[in-house]
Amino acid sequence: MSKQLLISPYRQRGLSLIVVLLSLVTLAFASVALIRSIDTGTLVIGNLGFKKAATASSDQPADTAIAWLQARLTGTTLYSNITADGQAYYATSIDALDPSGNSRPATGVPARPFVDWAGDSCGGCVAAGTCSTCVAPSSSTTTADGYTHRYLITRLCKCTGDPNGNCADGSSNICSVPVTNAASTSPKRGELKYGDNVRFSGANSPFFRIIVRTDGPRNTASVTETYIHF
């Protein structure tokens, strides 16, 4: 005679409760992960919005720096560095300048100049050997939109002094200048070969580099660069 194993329904109730509890815990974890994902996405979108607003606001100090340069084009004022009265103008290009201050020298790589945006001597980077020079920017200004700005102007020349003169070591003061149309043109329209008349020549006015750092809400920071010549 065969025997059958009978399972009482009362024995199955405990197992069902465990399965239900595990399902609830899984759903709870999934809900928390979904909420955190949504919050993170909202935070990222908000930060990008503040970043774009800070970048758009940086045109105001750039315009201020351009007006400051225009008022001093005549004479020899711009031949020398000007760091008084909250200004930050340097008559040299400051080679290898790192506007953001994010670079750190690797082994065998020379340290780069930093800009003292925070007003803390670049965090003591010169003494630590992580930067070669700490360059002071202009005084900070806050615009009507609530963003704080500081800027730095450099003339893209090898050294201070007359852009068409010589440096202290006797070498020529080489400056970056825009390319303009020359007075002479090629005798063959649409064709230019070696030995033909020069079509382009350099202008006398050097380029100026305007670096602006804008700080806004949520520790937003934006660094922009503007190149201009007159």
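Please give the contour-minus-distance gain from Q70 to T143: 0.36 nm per residue of separation, less the Cα-Cα distance, rounded to one decimal in nm.
Numbers: separation 73, 0.36 × 73 = 26.28 nm, distance 2.16 nm.
Working it through step by step, the gained length comes to 24.1 nm.
Please compute the net charge surrounding T133, taking Lys and Arg as +1 and Asp and Glu as -1 over other residues with Cβ under 14 Å from its Cβ.
-2
Take every Cα-Cα distance within the stretch 96-152, group them into 10 Å bins from 0 onward, and report for each bin the whole-number percent of pairs it holds.
25, 46, 21, 7, 1
Would you order R104, R112 from fewest to most other beta-carbon atoms within 10 Å of each residue's own beta-carbon?
R104, R112
For the pair T83 and S121, what calculated FRET efficiency results from E = 1/(1 + (r/R0)^6), where r is the Cβ-Cβ distance and R0 = 25 Å, to the nearest 0.05?
After rounding to 0.05, the efficiency reads 0.95.
How do K52, K158 line up, fewest other C-beta atoms within 10 Å first?
Ranked by crowding around the Cβ, least crowded first: K52, K158.
Test of understanding: ordering T74, T133 by Cβ neighbours within 10 Å, fewest first, what list do you get?
Final ranking by Cβ density, sparse to dense: T74, T133.
Taking the Cβ of I210 as the centre, find all other residues whose Cβ is under 10 Å away and add up their charges (Lys, Arg: +1; Asp, Glu: -1).
-1
By how many nm would the segment from F230 to R218 grow when fully extended, if each residue of separation counts as 0.36 nm and the alpha-carbon distance is taken off? Walk me through the numbers on the way to the answer.
Working: separation 12, 0.36 × 12 = 4.32 nm, distance 3.74 nm.
That pair, F230 and R218, stretches by 0.6 nm at full extension.
May I ask you to list the residues of the stretch 144-162 whose amide nitrogen lies under 20 Å from a point 7 Å from Cα along the Cα→beta-carbon direction of D59?
144-152
Rule-based calculations on the coordinates, nothing more; no lab input. Note that the coordinates shown come from a computational prediction; the quantities given were computed from them, not determined experimentally. No Cβ is skipped: glycine too gets one built from the backbone with ideal geometry, and neighbour counts run over all protein chains shown.
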